[in-house]
Amino acid sequence: MSESNDISAALSGEERQELADKLTVYLDKLAALPADATALERALLQLDISELQLALDIKEDSWNSARATFDTFIQNEQWQHAVEACNVMYQTEQPASIVALGHAVWLAVTYPIEADTSIAVLNHIVDETPADSDGAAVAAMTGYYIADIRSTDEKHESNTFLAKTILGNVAKRHSNVNTQKEMDAWLFKLELNDPEVFLPRLSLVINSIVEENWWIDRDELRSRLPVN
């Protein structure tokens, strides 16, 4: 069962009605936007709509709403919102949902978005890969790395704890790792101690997910990154 199914199944009748009423309000707001509303204003409203549709398990509509926002967020360099839109699309279980996940992870690693969002989309990679996959290990280690270097002071402890737990679970399922000594050996064996090694390997994982179905020009976006 997908995450969206879990959310929908857990809703009480009253909660579902509240979300449905809220969705109606947001759809009315979208329809009432003035002609001079910006594309970004429209996209932000559509993203809210897509999240409500996802919670209500209206998957195809949720995909369409989120996909309609993506290009606008990219054009306006709204990387956090672009990843959130991709995360919604991934959870809708549509034919190109896995492609959306690849975009989410590429953007989440390339740009300094919120660490907990990055951890969440990288964990989807873990969920999508077999237990013995090195790709899952690379994704989990990247999540821990991002949690450590990007988390705000108030979220650092909780984010790194979550990411470390994910990494530990991956190590256990991958190689039955149970102790810190075994973990250290496992990280060394898979060359997961050096971001200059594991980040390029993550890029290969992303490429295998998206293949030729990129919605963005990665070279053009990289050219806009600030030079350290």
Would you mention how many residues in region 12-42 are farther than 15 Å from T69 by Cα, part of a loop (DSSP other than H, G, I, E, B) and among the small types (G, A, S)? 3
Determine the pairs where a residue that is within 18 Å of L47 (Cβ to Cβ) and in the same structural domain as L52 (by TED's automatic domain parsing), located within region 9-34, has a partner that is surrounded by 10 or more Cβ atoms within 10 Å (Cβ to Cβ) and of a type in the set (D, E) with Cβ atoms under 6 Å apart, the partner being 6 or more residues away or on another chain. Y26/D48
For region 112-156, give me each residue that is outside any helix (DSSP H, G or I), small (G, A, S) and farther than 10 Å from V170 by Cα. S151
Filter result for E60 (touching a residue at least 12 places away in the same chain (Cβ under 8 Å), more than 24 Å from E220 (Cα to Cα) and not small (G, A, S)): yes
Please go through region 198-228 and give me each residue that is of a type in the set (A, V, I, L, M, F, W, C) and surrounded by 13 or more Cβ atoms within 10 Å (Cβ to Cβ), ordered by number. F198, L199, L202, V205, I206, I209, V210, W214, W215, I216, L221
Looking at (1) more than 14 Å from the chain's Cα centre (by Cα); (2) surrounded by fewer than 20 Cβ atoms within 10 Å (Cβ to Cβ); (3) of a type in the set (V, I, T), which one does I49 not meet, given that it meets all the others? (2)
Within region 171-228, how many residues are part of a helix (DSSP H, G or I) and polar (S, T, N, Q)? 6
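The values are calculated or read from the model by the stated rules, or taken from the named source; none is laboratory data. None of the values given here were measured: they were computed from a predicted structure. All Cβ positions, even for glycine, are placed from backbone atoms using ideal geometry, and neighbour counts span all protein chains on display.
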